[in-house]
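Trainee: Here you go, one structure.
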Amino acid sequence: MRVELLANPNSGRGAGPGRALRIAEKLRAAGCRCEIHVGSSAADSSAWAVQAASEADRLVVVGGDGTLNSVLHGIAEHRVEAPPLALAALGTANLLANEFKLPRRSEGVARLVLHGQPRLLDSASVRLQAPAHPGDSQAPTQAADSPPPASTETRRYCLLVTGFGLDGELMRRMELRRTGPIRKRQYFGLLRRILIEWNGPPQRVTADGEELGTFPFAILTGIRTYASRAFRLPAGEYDDGLWELLLFPKVSWSALLAMVAAASLRRLEKLPGVVLRHVREVRFHGEHPSPVQLDGDYAGATPLEFKVDGPRLPVLLPRR
């Protein structure tokens, strides 16, 4: 079996290449042929995915959800068929790893590559307004509490979750301040300030041709985990060609606390004013742009067009 490994050198506070080496050693001991590539950028990771998908029997991504998104982007843009893929999670949120309880230790990841069961995950294409400084979200002329600047349209791909409003603004401000690895506690101070001083511009929402109204905050998700293991979204299928759309009527401390409590009880969609739809196509647009996050990273701003039309990625899961 030929296995190609991609290591993000920034993930896990620099632990990515070392983790990839240990996984490769375990796989070589089992008779696999392994090559390790240390990614230098998102574009480099996408290019690696195109080449590796055409040559390998298995792919291994050592990094976070953002690294996995770069791999998806390369596969989707070049329409290549991906072999089964294992994720060795080293990011901050690690949504996919938490969703499926993926192993974190090198021995467990090696077993996943050798014996894991592929599970197809729907992905989506997203058209939105890209940041004014692509690849440089820390532009010094942009204040942290200013609205996203004017920009050009771009197309991205999404595997896990996207949305506009509160989490988009949180990711935008985090990118502006980021100087190294992110710790989860850094989000709480930013979130407090956002809820005090920021009024998210409402966006009109159209889902599969149906006008749903105007909302300040929306989540589109292909999985059931959001932010942490405790925050659970309504259940949906992973490969039915539909994602789940959640619309929230208000953004405030009290609304957020109610969301967290309801999500922990798996009753998020029961909150007053919350709208849930299972969708294929969605459009968000408003009088003013609202920031967008995509698979845990700041991606740009609305208007946004979303379609569940990306490739189905075969992700390796532990056999039960």
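Trainee: Compute for region 205-257: radius of gyration divided by Kirkwood radius, i.e. Rg/Rh, restricted to C-alpha atoms, rounded to two decimals.
Mentor: 0.99
Trainee: Oh, and also: How big is the shadow of the Cα convex hull of region 2-115, averaged over all directions, in nm²?
Mentor: Averaged projected area of region 2-115's Cα convex hull equals 6.1 nm².
Trainee: Could I ask something else about it? Helix-only estimate, please: 222 nm mean residue ellipticity of the chain, summing -39500 (n - 2.57) across DSSP H runs of length 4 or more and dividing by its residues, to the nearest 500.
Mentor: -9000 deg cm²/dmol
Trainee: Something else about it: Long-range amide H contacts for Gln203: which residues qualify at under 5 Å (H placed 1.01 Å from N, peptide plane, sequence gap of 5 or more or a different chain)?
Mentor: Residues meeting the criterion, in which the H sits 1.01 Å from N, are Phe215.
Trainee: Could you size up the charge dipole of the chain around its Cα centre, putting +1 on the beta carbon of Lys and Arg and -1 on that of Asp and Glu, and report it in debye to the nearest 20?
Mentor: 1460 debye
Trainee: Report, in degrees rounded to the nearest 10, the 0 to 90 angle that the Cα long axis of helix 185-197 makes with the longest principal axis of the chain.
Mentor: That helix lies at roughly 20 degrees to the long axis.
Trainee: Taking the inverse of the average 1/r across all pairs of different Cα atoms in region 194-320, what Kirkwood radius in Å do you get?
Mentor: 15.7 Å
Trainee: For the chain, the longest stretch holding no GluC sites (Glu not before Pro) located in a DSSP loop with at most 15 other Cβ atoms within 10 Å is which?
Mentor: 82-236
Trainee: Moving on. Kirkwood Rh, the chain, all Cα pairs: how many Å?
Mentor: Its Kirkwood hydrodynamic radius stands at 19.9 Å.
Trainee: Follow-up question, since we're still on this one. For region 61-106, restrict the atom set to alpha-carbon positions and state the Rg and Dmax in Å.
Mentor: Reported Rg and Dmax, both Å: 11.1, 32.
Trainee: Quick one: work out the % antiparallel among DSSP beta bridges in the chain, nearest 5.
Mentor: Beta bridges within the chain, antiparallel portion: roughly 75 percent.
Trainee: Helix 106-115: angle to the longest alpha-carbon principal axis of the chain, degrees 0 to 90, nearest 10?
Mentor: It works out to around 80 degrees.
Trainee: Through the Karplus equation 6.51 cos²θ - 1.76 cosθ + 1.60, θ set to phi - 60°, convert the phi angles of region 55-66 into ³J(HN,Hα) values in whole Hz; use x for Gly and Pro.
Mentor: Result, ordered by residue: 10, 9, 8, 9, 10, 10, 10, 9, x, x, 5, x Hz.
Here, each number is a calculation from the coordinates, and none is a lab measurement. These numbers were taken from a predicted model, which means no experiment stands behind them. Heads up, the Cβs are rebuilt from the backbone with ideal geometry, glycines too, and the neighbour counts pull from every protein chain shown.
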